[in-house]
Amino acid sequence: MGFFEIMTKHRQSIYFLQEHLHRQVVHGGIGNIDAEKVLLSKGYQPLSFPCMDDFSLPAKWKRCWFLLVTWLTLPAGAWVVFQLPLYPRMSLWLLRLLARRKSIKLIGFIADIDGLKDGDEGLLQREQQMLRKFSAFIVHNQAMENWLRGFMPASKIEQIEFFDFLTTPVHRERHSGYEVVFAGNLAKSQFLLQLGELQNQQPPVRFVLYGAGMEQVAHWPPNVEYKGVYDPYQLPHALEGVYGLVWDGDSIDGCAGSLGHYMAYISHHKLSLYLVAGLPIITAKKAASAALVEKYGIGYAVDSLHEIATLISQTDAATYQRMVQNTRALAVKITQGKCLGDALDRLMDSF
C-alpha cells in the first residue's frame, strides 16, 4: 500500500520534531538531517521550537509557550516522529507531555543508543525508560530490533537496514585491488592508529582515510594515505579505493571497546556512504552490518583486519564486479530516501 493510500486509510495528522535541518556538519549528523528531509517529503509537518540557538530569557519564554501550545492543540489521533536520542531539555519535555495524551501515537526513530555507544549502564537504563513512552519504533536492523524487543516485546517495529543519504549515486568503474577506504569521524576510531602493524602484509594493503579528527598525527605509516575533509554530499564522488571499511573501536583485531561493542547493534552511516560510492564492504563478523553484507552480497565480514590481504587476493575480478553491481540498486534506494520512507509506510499500515 502506498503512502497516500495509507494516509487515506488512517486519516491522521502526521508530524515530526524538527531539530537538525539547520545544522552545518562536516562528519556525523548527515543521517539525522536527511531523515528530516525524508519526513518533509512524505508530508510530515515539522514541529520546531523557536530560537533554539538563543539562550536569552525572552527566547526561553517563546520555547515554553510553543511547548504548551503544541501539547494542548495537537489534534487527537496525530502521529509524531521523534529522532532519538533527544538532547534539548524542551524536546524531552515535549515527549513527556505528549506521552500523557493517549490519543497521540509517538514513533521513535532510533538513530543512536548512547548508553550502548558509551558503555554507560546508567545512561542506558534511562534511555530504556524513555523508550517505553513510544507507541512504535523504526530501528536500524534486526540486531537492534532484537535488543529492543528484549524489554518491549509487544512493540510495533520496522527496520531501515541502511541510512538514507540524499546525494547522487556514483557510477564510476571500480576494479579489484588492495585499496581500502575508511571515512568519517577519525577521532573516535582509535584502531586507525594501529594500521601501521599491517604494513608488512602480503600482498600489501593500502588504507585511504577521509575525514577530520586525526590532525595530531604528523606522519602516517607507508600503508596509510590521508585525503582530507570533503563536503559530506560530495564525499561519495571523491572516494578513491576498492573496498569501504566499516569498523570501529580500539583494535584492528575484533570489536574492542564500547564503540567496537556498539557495532553489534547499528548500521553505520558510512555503510550507506560506501554503497552510494559503489564500493563493496569489509566489516567485522560481530557487526550488525555483517548480516546485511551477506544478505545483499555486497562484501565480506572478517574477525580481524589482518585477514584483509588474503581475502582480497582470493577474490577474482568476476566476484568483485558482482559485489559492485549488487551495490547499485541499494544506492538508488538510499539516495531516494526509501529506507526510512518505506519503513514509515509499513509502520503506519500496521496500525
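The values are calculated or read from the model by the stated rules, or taken from the named source; none is laboratory data. Since we're looking at a predicted model, the values are computed, not measured. Every residue, glycine as well, gets a Cβ built from its backbone with ideal geometry; the counts of neighbours run over all protein chains shown.
Does any residue of segment 197-215 turn out to be within 20 Å of the chain's Cα centre (by Cα) and closer than 18 Å to Gly299 by Cα? Scanning segment 197-215 turns up no residue that is within 20 Å of the chain's Cα centre (by Cα) and closer than 18 Å to Gly299 by Cα. Residues in segment 148-165 that are surrounded by 18 or more Cβ atoms within 10 Å (Cβ to Cβ), outside any strand (DSSP E or B) and not β-branched (Val, Ile, Thr): Leu148, Glu161, Phe162, Phe163, Asp164, Phe165. Based on this model, can you work out whether Gly299 counts as modelled with pLDDT under 95 and under 22 Å from the mean Cα position of the chain (by Cα)? Here the answer is no, as Gly299 does not meet what is asked.
Please indicate, with yes or no, whether at least one residue in segment 304-327 is buried (at least 21 other Cβ atoms within 10 Å of the Cβ), under 25 Å from Leu116 (Cα atoms) and more than 19 Å from the chain's Cα centre (by Cα). Within segment 304-327, one or more residues are buried (at least 21 other Cβ atoms within 10 Å of the Cβ), under 25 Å from Leu116 (Cα atoms) and more than 19 Å from the chain's Cα centre (by Cα).
Against the test of being aromatic (Phe, Trp, Tyr) and touching a Phe, Trp or Tyr at 6+ places or on another chain (Cβ under 7 Å), the options Tyr233, Tyr243, Tyr226, Tyr178 yield a single qualifying residue, Tyr226. Evaluating Gly2 against the criteria (1) exposed (fewer than 13 other Cβ atoms within 10 Å of the Cβ); (2) small (Gly, Ala, Ser); (3) at pLDDT 90 or above leaves one unmet condition, (3). Filtered by the rule that a residue be within 25 Å of Lys102 (Cβ to Cβ) and out of contact with any strand residue (DSSP E or B) (no Cβ under 8 Å at 6 or more places or on another chain), segment 131-149 gives a lone residue, Arg132.
Within the option set Val246, Val217, being out of contact with any Gly (no Cβ under 8 Å at 6 or more places or on another chain) and surrounded by fewer than 17 Cβ atoms within 10 Å (Cβ to Cβ) holds for one residue only, Val217.
Identification of helices (runs of 4 or more DSSP H) wholly contained in segment 208-320 with 1 or more residues that are closer than 18 Å to Leu186 by Cβ yields 235-238, 257-262, 269-277. Under the condition of being assigned to a loop (DSSP other than H, G, I, E, B) and either of a type outside the set (S, T, N, Q) or assigned by TED's automatic domain parsing to the domain that holds Ser258 (or both), the residues counted in segment 106-147 number 9. Is it the case, given these coordinates, that Leu123 is among the hydrophobic types (A, V, I, L, M, F, W, C) and over 23 Å from Lys285 (Cβ atoms)? So Leu123 fits the description; yes.
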